[in-house]
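Working notes, beginning with the structure itself.
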Amino acid sequence: MARIEKKARRPITRKFWTYLRFLPNWLQARIIRSKFGVDYDLPEGLIFRQAETEDEIRQALKLVHDSYVELNYMDRTESELRFSAFQALPTTVILIAKWEDEVIGTISIVPDSGLGLPSDSTWDLSKYRKKGKLIAEITSLAIKKSFRMRRGKLLLPLCKIMFLYCEKVFKLDGIVIATTLEVEPFYLHVLMFEKVVAKTGQRHSMVKGNPSTCCFLALNEELKETYKKVYNHLGLNRNLYRYFVVENTKNIHLPNQKSALQAYNHEKNIANSNIMKGDPSLTRDFKLEERQVLNNLHVNKAGLPPSLQDVGDFEKSRAEARFDVRFRAWCFFRTDVQPTEAHLIDVSGNGFRVNLRNTDRHTQLGERLVMVLEFQGQIIHCSAVVKWIKLETRLGCELSDSLMEWQHIMAAIHSEIHQELPLPSKKAA
């Protein structure tokens, strides 16, 4: 523990961040990159992983709450937890830094869903969703006060596990982050984000109307080459290319994935804890639209508070649970010669959502398609009809035929999440 608590040479203060943003960009970049160092020899007792227990989730939410209250990003709440509809999504993942039994740092990944992203309330993110791009928002970053001034000793590993989850678990094309003006240079000049809009200072409703900025980072091979160009000539303790791209970090624990069904580790998030059900104040102010989406996506209805279990006639027409998972697939439209690559997302017994990738085609309501995907070594195809369209590449489709293969997929998802439903045998299918 002594190594963790060792004082940094000169702490990075809020005043430093405030002054920094008034300097020219080239000077900002040079100064801020010199302030962060990589530690490859972290203590064994310090681990970085997904929050797995109700206690870890609660500690993380309280850490964010206390940090945001201190920074005047929110008012103190009855529960003393930072909680919104986005934290309640079954697909949101909370990552933590844990020292012994204490959560000392946290960051969350909120994949795009029926609720959209937190930054949608302030910025237009439609250009990043075009051509079926899969994006998520990074939010709720907090480090315990007594551990903050360590020149990246906790921040950089939190960023690294966030990158690994986005790339290897969620398989995202890009990430969005809303941040304060003071620390914007860190994301622009250290992590290489780009501004969503040139103008900054918009008042963001998710942080009590404080002036904010929104940044985007494309997760691709070009980003790795940028890191290599910027950092690979530097010494080992400042070489973020080696740290983020090349080297493994023994303190970072990733899930062992068997299939796309485990991408969200449903058993280890808020959806399957008693946090929401045990404290009605957390969901009391949710909007009707938010309640509808949450009710529709949650698998474990028993874990939801009564206020989210019955949201009226809207949900009666969609009685089956929907599961937010990822499958690579190909869409064959009857009017096209070549198939369109896609991600099949948000599946139910009646249909699915599709994100078309790298295409400019104009899909029509009522258009019929055949979806082909590989699942557990089998090639499965199904026919569907387009029922709704968003941003031209996000389609809601209803199955037009009932297939035993599709029932096999749904049973596998139930089994993966609940660990209790047997798969139908191939002989039965």
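Is there a residue in region 289-300 that is within 30 Å of residue 153 (Cα to Cα), in a loop (DSSP other than H, G, I, E, B), touching a helix residue (DSSP H, G or I) at 6+ places or on another chain (Cβ under 9 Å) and at pLDDT below 90?
Going through region 289-300, the residues within 30 Å of residue 153 (Cα to Cα) turn out to be none.
Looking through region 289-300, none of the residues is within 30 Å of residue 153 (Cα to Cα), in a loop (DSSP other than H, G, I, E, B), touching a helix residue (DSSP H, G or I) at 6+ places or on another chain (Cβ under 9 Å) and at pLDDT below 90.
Can you tell me how many residues within region 20-32 are over 18 Å from residue 153 (Cα atoms) and surrounded by 15 or more Cβ atoms within 10 Å (Cβ to Cβ)? Working first, answer last.
Within region 20-32, the first condition is being over 18 Å from residue 153 (Cα atoms), and the residues that meet it are 20-30.
Then keep just the ones that are surrounded by 15 or more Cβ atoms within 10 Å (Cβ to Cβ); that gives 20-21, 28-29.
Counting residues in region 20-32 that are over 18 Å from residue 153 (Cα atoms) and surrounded by 15 or more Cβ atoms within 10 Å (Cβ to Cβ) gives 4.
So how many residues does region 357-377 have that are assigned to a strand (DSSP E or B) and touching a helix residue (DSSP H, G or I) at 6+ places or on another chain (Cβ under 7 Å)? Please lay out each step first, then the result.
In the first step, residues of region 357-377 are kept if they are assigned to a strand (DSSP E or B); the result is 368-375.
Among the residues that remain, those that are also touching a helix residue (DSSP H, G or I) at 6+ places or on another chain (Cβ under 7 Å) are: 375.
Residues flagged as assigned to a strand (DSSP E or B) and touching a helix residue (DSSP H, G or I) at 6+ places or on another chain (Cβ under 7 Å) within region 357-377 amount to 1.
Of all residues in region 96-142 being at positive phi and not in a loop (DSSP other than H, G, I, E, B), which is surrounded by the fewest Cβ atoms within 10 Å (Cβ to Cβ)? Give the derivation first.
Quick first cut of region 96-142, residues at positive phi only: 100, 116, 131-132, 140.
If we keep only those that are not in a loop (DSSP other than H, G, I, E, B) too, we end up with 131-132, 140.
Details: 131: 16, 132: 22, 140: 27.
For region 96-142, the residue satisfying everything is 131.
Out of the residues in region 217-257 that are in contact (Cβ under 8 Å) with a residue 60 or more places away in the chain and closer than 15 Å to residue 166 by Cα, which is surrounded by the most Cβ atoms within 10 Å (Cβ to Cβ)?
Here the answer is 244.
What single numbered condition from (1) touching a His at 6+ places or on another chain (Cβ under 8 Å); (2) surrounded by fewer than 19 Cβ atoms within 10 Å (Cβ to Cβ) fails to hold for residue 326?
Here residue 326 meets the rest and fails (2).
Filter region 192-205 down to the residues that are surrounded by fewer than 20 Cβ atoms within 10 Å (Cβ to Cβ) and touching a helix residue (DSSP H, G or I) at 6+ places or on another chain (Cβ under 8 Å) and list them by number.
The answer is 192, 194, 195, 200, 205.
Among the residues of region 33-77 satisfying the criterion of being part of a loop (DSSP other than H, G, I, E, B) and β-branched (Val, Ile, Thr), which is nearest to residue 155 (Cα to Cα)?
The initial filter retains those residues of region 33-77 that are part of a loop (DSSP other than H, G, I, E, B), namely 35-45, 51-53, 71-77.
Okay, now just the ones that are also β-branched (Val, Ile, Thr), so 38, 53, 77.
Numbers: 38: 10, 53: 22, 77: 26 Å.
That would be 38.
For residue 133, are the conditions met, namely being charged (D, E, K, R) and over 19 Å from residue 253 (Cα atoms)? Break it down into steps so the answer makes sense when it comes.
Numbers: charged (D, E, K, R): yes; over 19 Å from residue 253 (Cα atoms): yes.
The answer is yes for residue 133.
Suppose we keep only residues that are at pLDDT 75 or above and over 18 Å from residue 342 (Cα atoms) within region 402-425. Which one would you say is nearest to the chain's Cα centre (by Cα)? Let's see the steps before the verdict.
As a first pass, look at region 402-425 and keep what is at pLDDT 75 or above: 404-413.
Then drop every residue that is not over 18 Å from residue 342 (Cα atoms), which leaves 404-405, 407-408, 410-413.
Working: 404: 32, 405: 30, 407: 28, 408: 28, 410: 23, 411: 25, 412: 24, 413: 20 Å.
Among those residues, the one meeting the criterion is 413.
The values are calculated or read from the model by the stated rules, or taken from the named source; none is laboratory data. Everything numeric in this text was worked out from a predicted model, so none of it was measured. Methodologically, a virtual Cβ is constructed for each residue, glycine included, from the backbone with ideal geometry; neighbour enumeration extends over all protein chains shown.
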